[in-house]
Structures are given as structure tokens and as C-alpha cells.
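Contents: one structure, followed by commentary.
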Amino acid sequence: MTEKTYRSGLVGLIGRPNAGKSTLLNYLVGEKIAAVSNKPQTTRYKIRGVVSRPESQIVFIDTPGVHKPGYLLNRRMMAAVEDAILSVDVVVLIRDATVTTGNGDRFVLDLVKRSEKPAILLLNKIDKLREKEKLLPLIELYRNEHDFAAIIPASALRGEAIDALLTAIEEHLPEGDPLFGEDELTDQPMRMIVAEMVREKILATTGEEIPYVTAVVPEKWDETDPERTVIHCAIFVERPSQKGIIIGKGGAKLKAIGTAARADIEILLGRHVHLQLFVKVVEDWRNKDRELSGMGISE
Ligand SMILES: Nc1nc2c(ncn2[C@@H]2O[C@H](COP(=O)(O)OP(=O)(O)OP(=O)(O)O)[C@@H](O)[C@H]2O)c(=O)[nH]1
Ligand SMILES: [Mg+2]
């Protein structure tokens, strides 16, 4: 009797901002560990999610959407993407199939080509496509540009064709033992996930300008009370006017952000949470090495 070989490895989720990388990661691990929003540049860190299957273990790395870096913050985000590409066994290029091809797409494709790693193209958001024929020219375009191991139209939101993705990935993983325990979903520190959940709510409740000037840093995590975990988070902004926007009239907005984030965090931790949010003004934090390092966004 021949035993089937067990495979394991790292897979990078690469794509433009808003393509659906974090949505896919959450779907894959079956829990919300990555922030998702309809605003670009939601993800700031590399987040790893583990999928254990009967014959393989796939460790996915969600990365920030590829964009032109202006601030030091953005340069570090892009360094995280390049770093991820170097470390993985397989690259999944996630492309929003409902938007037209632009320079950003070419740039991402070049990154994938240069990596010389087996690459799978996931054409995402097909649930939003009324005319499925629209996919054909897109498939043709990418097929002519690169020898993809597979091209898969899918919906990360609905979980459509994700099995096909996992099967295609499995074929290109090296033989090896599992890298994580079977019930482990992520090796991400819980504090960072919590910070991302809070930032997700800020993105969901404020206008276009605010998302980019905020960062969330957990400053206190206390589990001495058996009934509930006490968490304090600082929300960094760059100007007093932005602080006002986040706090809202009579503190209403900050309260709404806290309530929504707490609900997610309680599901994640499986216990009651007391979440306290503070807003701090630090001018130009996006260009300050010390502030970024304190947020865990290091070189
Ligand atoms: N209709 C539809 N919407 C999707 C799908 N996948 C993701 N979205 C939506 O697209 C938006 C962006 O999703 P994210 O998962 O945050 O995208 P991302 O690629 O992680 O973005 P960045 O972190 O900014 O790089 C959100 O509003 C998602 O709900 C999909 O398959 N179908
Ligand atoms: Mg993301």
C-alpha cells in the first residue's frame, strides 16, 4: 500500500487594494481574523491564516494591497508585500474581475512574474458580474502575459470556487509536515487582530479622509477579572480636527466604533470584553520611525 504524501507550505495572497484578499483569508480560516472594508489600503500587516486539510496544510499570508508608496508607512507596507513573495511556495494573485485593467494591475503582475514562483490567478467578485462573458477577455489577457498554474474565477465573499483554489494550490506545495497545530487558525498576536478590528470599524464609520490618518495600538490588556477581558486601545490621528471627527457629536461616533468592534472581539475571544478607546493626536506619525515601530510596523 502506498501512502499519500503530506504536503505543507506558505501561500502569498497578492493583489491591488480592495481586491478581496482579506475577505478570502477570513473565508478560508472560517473566522474573522483580518479587517475588511470597501476602502483601499485596509490591511497594513502581513497576517497569516492556517488551513488544515486531510492531505495538506496551507499557510496563507494576507498582505497589504500593492500601491504606490508615499509615506514611510506605505513603504513599509510594500516591503511587507515583497518580503511575503520571497518567503512563499505559491503566489495567489487576486484580481477584482469587475474593474478595468490599469497600471496597478500590470505592476502587480510584474511582481508575480519576477517572483518566479508557481502562481494562481483568482478572478474575484464574479458574484457581482452580470455578464460572465466579460471574464473571457480578462482570462485571455492574463494567459498571454504569464504561465499561470491555474486561472480560477471565484467569489471570496460567497466561497464560490474556493475548493478549486485549494486543490490547485495543493498540487504545487512541497512535501512536508504540518507547520502549525491542527486547531491553530493564525499565529497573529491577538492584540494585533483586535487593533485591526477596531480600525475596520473606523473605516466603516468615517469618510474618505480619515482611514489613512489613523492607526490603532492596544495599550492595555488585562485578564485578571475572570468575567471579562479589559482592553484599552489608542487611536492615533494627525490633527485635532481628525480627533473631533472620530469622537463625533457628544462622543457618539467613538461609541459606535467601540460597540461594533467589541462585538467582533467578543466572538474572537469567546468571552466578555470591556473595550476602552482613546484618541491621540501625533503629527505626521506616518513618517515617524518611532511611532511606526511602536505599532509593530517595523522595517
Ligand atoms: N461582491 C463581492 N465583494 C467582495 C468579494 N470579495 C471581497 N469583496 C468586497 O471587496 C471589498 C474589499 O475587500 P477586502 O477583503 O478588504 O480587500 P483587500 O484586498 O484585503 O484590500 P486591502 O487590504 O485594502 O488591500 C470589501 O467591501 C469586500 O466585502 C467578492 O467575492 N464579491
Ligand atoms: Mg486586506
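Laboratory data are not the source of any read-out in this text; all were calculated from the coordinates shown. Keep in mind the model is a prediction, meaning the values are calculated, not measured. Here Cβ is always computed from backbone atoms with ideal geometry, including for glycine, and neighbour counts include all displayed protein chains.
Looking at the range 55-66, can you tell me whether even one residue there is touching a strand residue (DSSP E or B) at 6+ places or on another chain (Cβ under 7 Å), near ligand 1 (Cβ under 10 Å from one of its atoms) and of a type in the set (D, E, K, R)? Yes, there is a match, as at least one residue in the range 55-66 is touching a strand residue (DSSP E or B) at 6+ places or on another chain (Cβ under 7 Å), near ligand 1 (Cβ under 10 Å from one of its atoms) and of a type in the set (D, E, K, R). Looking at the structure I just gave you, is VAL92 in a strand (DSSP E or B), buried (at least 22 other Cβ atoms within 10 Å of the Cβ) and within 16 Å of the chain's Cα centre (by Cα)? In short, yes.
Of all residues in the range 85-102, those satisfying the criterion of being under 15 Å from ALA19 (Cβ atoms) and of a type outside the set (D, E, K, R) are VAL91, VAL92, LEU93, ILE94, ALA97, THR98, VAL99, THR100, THR101, GLY102.
Note on the range 24-44: residues that are free of Cβ contacts under 8 Å to residues at least 40 places away in the same chain, surrounded by fewer than 22 Cβ atoms within 10 Å (Cβ to Cβ) and either more than 7 Å from ligand 1 (Cβ to nearest atom) or not in a loop (DSSP other than H, G, I, E, B) (or both) amount to 1. Each residue in the range 32-52 was checked for being closer than 22 Å to LEU179 by Cα and either within 11 Å of ligand 2 (Cβ to nearest atom) or in contact with a strand residue (DSSP E or B) (Cβ under 9 Å, 6 or more places away or on another chain) (or both), and 10 of them qualify. Pairing residues of the range 11-23 that are under 21 Å from SER87 (Cβ atoms) and among the polar types (S, T, N, Q) with residues that are assigned to a strand (DSSP E or B) and near ligand 1 (Cβ under 8 Å from one of its atoms), at Cβ distances under 8 Å and at least 6 apart in sequence or on separate chains, gives SER22/ASP62.
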